[in-house]
Amino acid sequence: MQDMAENRQIRPEEDGERFQLKSARFLARDVLRRAVRPGDAAVDATMGNGHDTLFLCSRVGENGRVYAFDIQEQAVRATEQLLRENGMLDRARLHCAGHERMAEFVREPVQAAVFNLGWLPGGDHGITTHWETTEQAVQSALDLLSVGGVLVICAYPGHPEGERERERLTGFLSALSNRRFNVLHQRFLNAGEGAPECFVIQKER
Ligand SMILES: C[S@@+](CC[C@H](N)C(=O)[O-])C[C@H]1O[C@@H](n2cnc3c(N)ncnc32)[C@H](O)[C@@H]1O
């Protein structure tokens with residue numbers, strides 16, 4: 001099961017929080033917090049309720065840009081509202097489009113891209129990410145990354161499509177050239193079957 005509590009809004013003031021070895025989502029945030037600076041461009045490949053988009057907008061600042069994607073209107077509307085409430089809508093480009101089309105919309109190198117796979121928390125569990133389109137999007141994100149940029153992916157193997165996606169993703173990322181990319185796979189060994197996992201890829205050259 002996806003942990004909805006993990007998708008709660010992260011406020012910019014949480015930057016000063018003490019590090020906790022807590023969850024795949026927390027680790028993903030920690031990497032993004034370190035990687036993204038004011039003025040950067042970044043991608044949220046799975047907008048959902050907009051929490052990652054908001055977080056990235058808070059990191060890139062007034063002069064940065066965040067490109068965000070989701071196939072559901074409901075997600076785009078929720079994200080738009082969240083960004084407006086937080087005064088950050090002008091930093092984002094929200095696309096109601098599959099992330100597999102990322103290269104059509106993002107025409108500049110990005111410092112970070114984040115994928116939070118699975119379904120929309122509180123939404124239709126039948127509408128989930130699928131490996132075939134995730135693969136295309138992950139490849140586009142890797143192409144768009146600047147040298148030193150990071151791709152962060154949270155996978156949820158607790159449901160059949162999520163397990164398939166995690167397995168294929170692991171194979172795909174394991175095959176990346178270690179001269180171009182450093183690939184990390186974080187998994188909580190004592191969290192039981194199906195616990196969320198985090199993948200972090202940094203482009204080295
Ligand atoms: C776990 S949610 C993302 C949560 C979000 N990161 C947040 O912070 O609220 C996964 C999202 O991926 C979306 N999704 C599924 N297939 C997609 C695709 N091909 N392209 C973009 N988004 C997709 C779903 O509609 C869902 O909203």
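For the stretch 132-179, taking the residues that are hydrophobic (A, V, I, L, M, F, W, C) and part of a helix (DSSP H, G or I), the one that is farthest from the ligand (Cβ to nearest atom) is identified as LEU173.
Could you count how many residues in the stretch 52-67 are near the ligand (Cβ under 9 Å from one of its atoms) and either in contact with a His (Cβ under 6 Å, 6 or more places away or on another chain) or not polar (S, T, N, Q) (or both)?
First, the residues of the stretch 52-67 that are near the ligand (Cβ under 9 Å from one of its atoms): 52-55.
Filter again for either in contact with a His (Cβ under 6 Å, 6 or more places away or on another chain) or not polar (S, T, N, Q) (or both), leaving 52, 54-55.
The total comes to 3.
For the stretch 98-114, give me each residue that is within 13 Å of ALA45 (Cβ to Cβ) and touching a helix residue (DSSP H, G or I) at 6+ places or on another chain (Cβ under 7 Å).
Step one: list which residues in the stretch 98-114 are within 13 Å of ALA45 (Cβ to Cβ), which gives 98-103, 105-106, 110, 112-114.
Selection gives GLY98, HIS99, GLU100, MET102, ALA103, VAL106, VAL110, ALA112, ALA113, VAL114.
Throughout, read-outs are computed from the coordinates displayed, never taken from laboratory work. Because the structure is a prediction, the values reported are computed rather than measured. Quick reminder, even Gly has a Cβ in these numbers, built from the backbone with ideal geometry, and neighbours come from all protein chains shown.
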